[in-house]
Each structure stands twice: as C-alpha cells, then as structure tokens.
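Enquirer: Handing you this structure, nothing more for now.
The values are calculated or read from the model by the stated rules, or taken from the named source; none is laboratory data. All values reported here derive from a predicted model rather than from experimental measurement. Here the Cβ is made from the backbone with ideal geometry for all residues, glycine too, and neighbour counts use every protein chain on show.
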Amino acid sequence: MRTKLTSQAIVSMSLALAGSIALPTLAHADESPWLVRVRAVNLDSANKDATGLDLSINDKVIPEFDVSYFFTPQFAVELVLTYPQNQTIRSGGTDIGTLKHLPPTLTAQYHFTGLGAFKPYVGAGLNYTRLSSVRFNPAVQAALQPSLQKNSWGLAVQAGIDYEICQNWVLNFDVKKVQIRTDVSSAGSKVGEFKVDPWLIGVGVGVRF
C-alpha cells in the first residue's frame, strides 16, 4: 500500500512540475508577436562641429511611434518612426536657419525573460536620416552659400525596459544613441562635418495586438 501511495505521489508531483513548466510556454504561445509603442522622446544633440562655424541644433521633445515584431520571446526587431521634425540651426548660439529631419531607425533586440513584469532589452541597428527644407537666413545665404548633405546613415544602439502593467499593456523606458552626420559645404566646397549624434531618451506606453 505504501509503495502504491508513493508511486501515486511521484506521478502527481511529476504532472504538477510538467504543468508548471508548460504554463509559461503556453503563455508565450498565446502572446501576439506584435508590440506597438508610443513615446515622448527627448532629443539631446551632441553637436560636434568640425566646420569652424560652431554649428549646433536645438534639443527638443519629439513624438515617436515604434512597431516591434517578436520572432521568439527573446528576439525581436523594432522599427522606430516619427514625422519630419523641425530644428533650428545655430552658429555660435545665433539662429541662422532651419531644417526638417526624418530619422527612422531599425534595430535587432534581445529581450531578457524570467523577471516577472520587468522585461529589459538591448538592441543595435541602423539609422537613416533624411534632411529636408533646409533654409538659411538671407544674410548667411548671401555670404556663405551654405548647404548640407541631405542623407545620413549611421549606427544605433539602445537599452530599455518594458514593465507589464496588465495583460498586453506595458510602460516603457528607452535610451538610444544614434549616429546622425552631415557634410557642410560653402559655395560648393566641403568645409567639414557636423555630427548631431543625439541621445534619445523616451518614456511611453505599449500594447500587444
């Protein structure tokens, strides 16, 4: 009798253990692979100028929209989008013009699991920035005939964390460092490179669907 009870206990514990292992797997299987976030992002420019003109652009808070697709619970890709952002161009602290930039970024991410509601991640990828509507003040245009290279390709790295507040909904904190650089010319001749290379620090909310 004791042997029979012991065997039943072992079987019961084995089934319970198997169930506890299977439940997380089933939970992951039930999750949608799509995660969409919206963020408010502070753009903090490095403003590294090699032209001798002491160029800079203003820091600002911008809206951001991103879509992530999870191939597994750990591995995902994220595409970051926004609409063209207006920036002020300065020389020595004086406003000399304006431009718009559109900086979509694609990253591959690794998400750490097994930490409950906290879901940290790291990522690396590629940024493409398109400059448009570049306009300089009439006096600057007449004196220097300046121009900027319109396309920039650069690396992007990121780290962040999602905090699950309820089923399918997360709060997000995200930090990126992005290479954004442009050649500056005067009267058709290159005078140097201007590196924006901003930190992008964002907070927002996301939903799986």
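Enquirer: Would you say Leu115 is assigned by TED's automatic domain parsing to the domain that holds Ala159, more than 19 Å from Phe173 (Cβ to Cβ), over 14 Å from the mean Cα position of the chain (by Cα) and outside any strand (DSSP E or B)?
Expert: No; evaluated as a whole, the condition is false for this residue.
Enquirer: Considering the range 170-184 alone, what residues qualify as being without any contact (Cβ under 8 Å) to a residue 40 or more places away in the chain and either of a type in the set (Asp, Glu) or within 15 Å of Val122 (Cβ to Cβ) (or both)?
Expert: Narrowing the range 170-184 to residues without any contact (Cβ under 8 Å) to a residue 40 or more places away in the chain: 171, 173, 175, 177, 181, 183.
Once the filter is applied, which keeps residues that are without any contact (Cβ under 8 Å) to a residue 40 or more places away in the chain and either of a type in the set (Asp, Glu) or within 15 Å of Val122 (Cβ to Cβ) (or both), the range 170-184 yields Phe173, Val175, Lys177, Asp183.
Enquirer: On the given criteria, is Val207 within 15 Å of Val38 (Cα to Cα) and touching a strand residue (DSSP E or B) at 6+ places or on another chain (Cβ under 9 Å)? Before you say what the answer is, go through the steps one by one.
Expert: Values: within 15 Å of Val38 (Cα to Cα): yes; touching a strand residue (DSSP E or B) at 6+ places or on another chain (Cβ under 9 Å): yes.
The answer is yes for Val207.
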